Amino acid sequence: MKRPLASLALLCLCLVFAAPALAAQAGKPLEDKPAPTLDRVTVISVQAEGNDSIGARLATRLKERFNESNLFALNDDEQKDVPKFKLLLTTAPEFPGRPAVGSVYGVCWVFSQGKDYLGFLLAREVGTVNSEDLEALVNKLVERTDGITAKYSSLLK
């Protein structure tokens, strides 16, 4: 019987001391615009080559997605001498006689310290894509790029 009463007394004591802090917090309005939680923005460049329409759409959509993202700053200007991650994309028709059916792609993630530096190969991927699966592939590549840039972010220092 003494133990529950002691626990209750301790709870009341904690509430007495915590009440002013809770009241002060309750009076503050919530922010309309929350502060960003990530303080990293990664400079990225997308360099594409290929001669098929699906591959061209893939490259364009990747650039659009990186440009829309708060995690990346798209920089395709090779004259700027800044450390950056590069996404090298190569595409070709899956079936040369039917180029609209699908496309094969190869992606390499490279880190470049600057304009005249040799790049470091970080990761690579190959696969096939068709028009219906294009958005899913873009999402996958952007997500993987975020993981790679987070893993190798120490290279930017």
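The values are calculated or read from the model by the stated rules, or taken from the named source; none is laboratory data. Computed from a prediction, not measured in an experiment: that's the story for all the values here. Note that we place each Cβ from the backbone using ideal geometry, even for glycine, and neighbour counts take in every protein chain shown. The protein model used for the area step is the full one, side chains on, heavy atoms only, and it has no ligands, DNA or RNA in it. Shrake-Rupley method; radii C 1.70, N 1.55, O 1.52, S 1.80 Å.
Miscellaneous remarks
- Matching residues in the range 82-129 - criterion: being touching a strand residue (DSSP E or B) at 6+ places or on another chain (Cβ under 7 Å) and of a type in the set (Gly, Ala, Ser): ALA92, GLY102, SER103, GLY106, SER112, GLY119, ALA123, GLY127
- The residues listed here are GLU94, GLU31; of these, the one that is modelled with pLDDT of 60 or more and more than 29 Å from SER153 (Cβ to Cβ) is GLU94.
- Counted residues, the range 120-133 - those being surrounded by 12 or more Cβ atoms within 10 Å (Cβ to Cβ), within 20 Å of the chain's Cα centre (by Cα) and either without any contact (Cβ under 8 Å) to a residue 24 or more places away in the chain or more than 18 Å from GLN47 (Cα to Cα) (or both): 2
- Residue ID - least open to solvent (accessible area, probe 1.4 Å), chosen from residues in the range 42-56 that are in a strand (DSSP E or B) and more than 26 Å from ASN70 (Cβ to Cβ): GLY50
- Annotation note: Cβ proximity below 6 Å between a residue of the range 88-115 that is among the charged types (D, E, K, R) and a residue that is surrounded by 16 or more Cβ atoms within 10 Å (Cβ to Cβ) (sequence gap 6+ or interchain) occurs for GLU94/GLY102; GLU94/SER103; GLU94/VAL104.
- Scanning the range 102-134 for residues that are farther than 21 Å from ALA92 by Cβ and assigned to a strand (DSSP E or B) returns PHE111, SER112, PHE120, LEU122.
- Residue count, the range 61-119 (criterion: surrounded by fewer than 16 Cβ atoms within 10 Å (Cβ to Cβ), among the β-branched types (Val, Ile, Thr) and within 20 Å of VAL138 (Cα to Cα)): 1
- Within the range 135-157, at least one residue is in a helix (DSSP H, G or I), touching a Pro at 6+ places or on another chain (Cβ under 6 Å) and open to solvent by 40 Å² or more (accessible area, probe 1.4 Å).
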